[in-house]
Amino acid sequence: MNSQQSSEDIWEQNKSTSLISTPEGNDLERAQLKRTPLSKLKKVNSNFKSPGQINKPSKVCPEEEVAELERRRMQLDAEIAQLEFQGYKVEELDCHIDMLHEYNDIKDIGQSLLGRIAALRGTTTRDLYSHFGLELED
């Protein structure tokens with residue numbers, strides 16, 4: 001093992017030759033450690049910008065965009081006309097949407113209560129479903 005260094009020897013060499021930043025270390029050591037080295041390239045040390053936040057220039061001319069929106073509007077108007085022909089009314093749909101919102105709010109409250117009961121009893125919500133005679137899809 002003379003020709004090979006042990007892992008302890010390598011650790012000691014690295015420890016003595018490199019700066020280690022620890023909470024107890026001094027500010028000089030921390031200042032010398034950087035994740036991104038200084039470079040001649042621009043913005044190497046700039047803040048991260050998410051690709052979702054970058055506004056890419058539109059390749060579609062405004063006339064084409066307006067024409068596409070007009071086509072979409074005509075398509076939606078045709079769908080509305082077909083639903084009205086089938087007997088649906090906008091007021092009725094609004095009422096159904098409101099009732100669905102109320103149902104979802106009540107269901108969320110029920111789920112929350114089941115979760116709290118399960119936590120108090122030290123069991124799972126799955127076990128409570130069978131205890132209360134509920135289906136898992138409910």
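The values are calculated or read from the model by the stated rules, or taken from the named source; none is laboratory data. Since this is a predicted model, take the numbers as computed values, not measurements. In case anyone asks, the SASA skips ligands and DNA or RNA and just uses the protein heavy atoms, side chains included. Shrake-Rupley method; radii C 1.70, N 1.55, O 1.52, S 1.80 Å.
Out of the total accessible area of the stretch 66-133 (probe 1.4 Å, heavy atoms of protein only), what percent is carbon and sulfur?
Within the stretch 66-133, the accessible surface is 59 percent carbon and sulfur.
Figure the gain on full extension for Arg116 and Arg71 (residue separation times 0.36 nm, minus the Cα-Cα span) and round it to one decimal in nm.
The span from Arg116 to Arg71 would gain 11.2 nm if fully extended.
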